[in-house]
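Report on the structure given below.
The values are calculated or read from the model by the stated rules, or taken from the named source; none is laboratory data. Since we're looking at a predicted model, the values are computed, not measured. We place every Cβ from the backbone using ideal geometry, glycine too, and count neighbours over all the protein chains shown. Only protein heavy atoms, including side chains, enter the accessible area calculation; ligands, DNA and RNA are left aside. Shrake-Rupley method; radii C 1.70, N 1.55, O 1.52, S 1.80 Å.
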Amino acid sequence: MKKILVTGGAGYIGSHTVVALQEAGFEPIIVDNFSNSHESVLEGLRAILGTEVKSYNVDCNDKAAFRGVFETEAPVAGVIHFAAHKAVGESLQKPLAYFQNNVGSLLVLLELMQEQGVHNLVFSSSCTVYGVPDVLPVTEETPIKPPSSPYARTKQMCEDILRDLAQAPGNDIKTILLRYFNPIGAHPSGRIGELPLGVPNNLVPFVTQTAAGWREELTVYGTDYDTPDGSCVRDYIYVGDLARAHVVAVQRQLDGKAAEVETFNVGTGRGNTVLEVVRTFEEVTGQPLKYRVGPRRTGDVPAIYADATQAAEVLGFRTEVELREGLATAWRWQQHLVSLSNG
Ligand code: NAD
Ligand code: WQD
């Protein structure tokens with residue numbers, strides 16, 4: 001079985017990708033410092049897969065320890081680099097921590113890949129690189145806009161680093177940049193999902209926590225945008241579909257089909273408003289959700305969704321799970337969290 005190092009593999013998207021990799025016949029190996037995840041994720045993975053997933057509690061910025069993982073696990077066929085800090089608001093408070101962790105860890109990883117002769121990298125980028133786009137849907141050629149936060153800047157910088165590396169003479173690392181839209185939902189088993197640490201910033205965890213009674217009510221941030229119902233539009237992609245995109249990208253590289261650097265939007269190609277998410281969630285649970293309309297949230301993009309053509313035509317990747325089903329899995333995961341918190 002080909003070994004794929006999954007940095008940040010204990011996190012939200014990483015853990016679902018570990019499942020998808022293992023199911024596709026790869027051996028995923030987690031490298032995570034558990035700064036934004038919990039070791040219990042490993043139990044969830046064992047329950048789903050019926051086998052132990054190898055995991056190293058290592059910080060990707062710790063070059064010596066990270067080198068040890070490469071050496072122990074050689075030969076490594078490829079790396080998927082999820083490890084990063086991801087909270088937009090926090091990045092405004094602690095920009096240096098974001099540059100250190102997100103940009104610094106990529107540099108360490110690339111140096112180690114060169115040193116250890118590992119040639120394939122899939123990198124977690126984000127639709128945040130597009131800022132407020134002038135034209136919808138966004139294609140991979142849509143211009144990158146000045147970043148709205150240090151977090152967004154780290155993703156742009158990492159992309160630039162990888163494109164510059166691809167141009168360098170003698171470079172032998174091939175990179176696929178995946179620009180995720182808004183991942184939602186959880187594994188259908190309800191055993192892994194998005195871990196809520198504090199008050200969620202993201203819409204779907206806030207919705208499920210409100211329905212569970214953990215939050216008083218949802219605030220819908222603005223209904224005065226130029227969108228079908230006035231609330232913001234996003235492209236909500238089911239996390240299991242997003243996980244599959246990584247497997248397809250890894251396979252493309254191992255098949256020798258990938259160019260030096262390739263970029264793909266990973267979204268559904270459809271936009272939904274915040275109020276549509278709320279209504280669909282109400283249908284899923286059969287209960288009204290407590291919400292009120294509040295002012296706009298500073299920095300919000302009014303509307304963005306993917307043109308998913310490139311991923312379909314080049315990678316053969318298409319999403320399969322609809323918003324409704326994705327929200328149902330998010331609700332199941334929330335119920336699992338409720339049962340844990342009730343002891
Ligand atoms: P997450 O926080 O759940 O997972 C990230 C994992 O990386 C965590 O388990 C954390 O402990 C680990 N980690 C962080 N820094 C590390 C380090 N230096 N060394 C080792 N491990 C480290 O986040 P996620 O939602 O799964 O996001 C994964 C990636 O996808 C990130 O790069 C994120 O920026 C990107 N992304 C996320 C979204 C989203 O909405 N969730 C959207 C676009 C892009
Ligand atoms: C979605 C919509 C909110 C919470 C963020 C990052 C971005 C990317 C994905 C990583 C928006 C509305 C939300 C609430 C609300 N991450 N909302 N009430 O803003 O698209 O993007 O996560 O790369 O970089 O910025 O996602 O889930 O926060 O919001 O009305 O309590 O839900 O206004 O329209 P967003 P989100």
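Summary of computed values
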read-out: Positions within the stretch 28-43 being more than 13 Å from ligand 1 (Cβ to nearest atom) and out of contact with any helix residue (DSSP H, G or I) (no Cβ under 6 Å at 6 or more places or on another chain), in sequence order; value: Glu43
read-out: Conditions (1) more than 12 Å from ligand 2 (Cβ to nearest atom); (2) touching a Leu at 6+ places or on another chain (Cβ under 8 Å); number of the one not met by Pro183; value: (1)
read-out: Leu177, sole failed condition from (1) open to solvent by 30 Å² or more (accessible area, probe 1.4 Å); (2) in a strand (DSSP E or B); value: (1)
read-out: Verdict on Gly14 being open to solvent by less than 20 Å² (accessible area, probe 1.4 Å) and either under 23 Å from Ser125 (Cα atoms) or within 9 Å of ligand 1 (Cβ to nearest atom) (or both); value: yes
read-out: Residues of the stretch 185-199 satisfying the condition of being in contact with a helix residue (DSSP H, G or I) (Cβ under 9 Å, 6 or more places away or on another chain) and either small (Gly, Ala, Ser) or open to solvent by less than 50 Å² (accessible area, probe 1.4 Å) (or both); value: Gly185, Ala186, His187, Ser189, Gly190, Ile192, Gly193, Glu194, Pro196
read-out: Condition check for Thr7: surrounded by 22 or more Cβ atoms within 10 Å (Cβ to Cβ) and closer than 19 Å to Asp241 by Cβ; value: no
read-out: Pro133 touching a residue at least 40 places away in the same chain (Cβ under 8 Å), more than 22 Å from Val250 (Cβ to Cβ) and not in a helix (DSSP H, G or I); value: yes
read-out: Test: residue in the stretch 39-47 that is in a loop (DSSP other than H, G, I, E, B), more than 16 Å from ligand 2 (Cβ to nearest atom) and farther than 18 Å from Leu106 by Cα; value: yes
read-out: The stretch 155-174, residues that are open to solvent by 20 Å² or more (accessible area, probe 1.4 Å) and within 26 Å of Phe99 (Cβ to Cβ); value: Gln156, Met157, Asp160, Ile161, Arg163, Asp164, Leu165, Gln167, Ala168, Asn171, Lys174
read-out: Criterion: open to solvent by 50 Å² or more (accessible area, probe 1.4 Å), under 25 Å from Leu323 (Cβ atoms) and modelled with pLDDT of 95 or more - qualifying residue of Asn182, Asn202; value: Asn202
read-out: Selected residue [within 16 Å of ligand 2 (Cβ to nearest atom), of a type in the set (Lys, Arg) and modelled with pLDDT of 95 or more] from Lys63, Lys54, Lys86; value: Lys86
read-out: Top-ranked residue in the stretch 181-199 [being within 11 Å of ligand 1 (Cβ to nearest atom) and in a loop (DSSP other than H, G, I, E, B); ranked as farthest from Ser35 (Cα to Cα)]; value: Phe181
read-out: Search result, residues across the stretch 253-281 that are of a type in the set (Asp, Glu) and assigned by TED's automatic domain parsing to the domain that holds Thr208; value: Glu276
read-out: Residue list for the stretch 27-44, filter: open to solvent by 10 Å² or more (accessible area, probe 1.4 Å) and hydrophobic (A, V, I, L, M, F, W, C); value: Phe34, Val41, Leu42
read-out: The listed residue being touching a Lys or Arg at 6+ places or on another chain (Cβ under 9 Å) and either open to solvent by less than 60 Å² (accessible area, probe 1.4 Å) or of a type in the set (S, T, N, Q) (or both), out of Ala65, Ala47, Ala83; value: Ala47
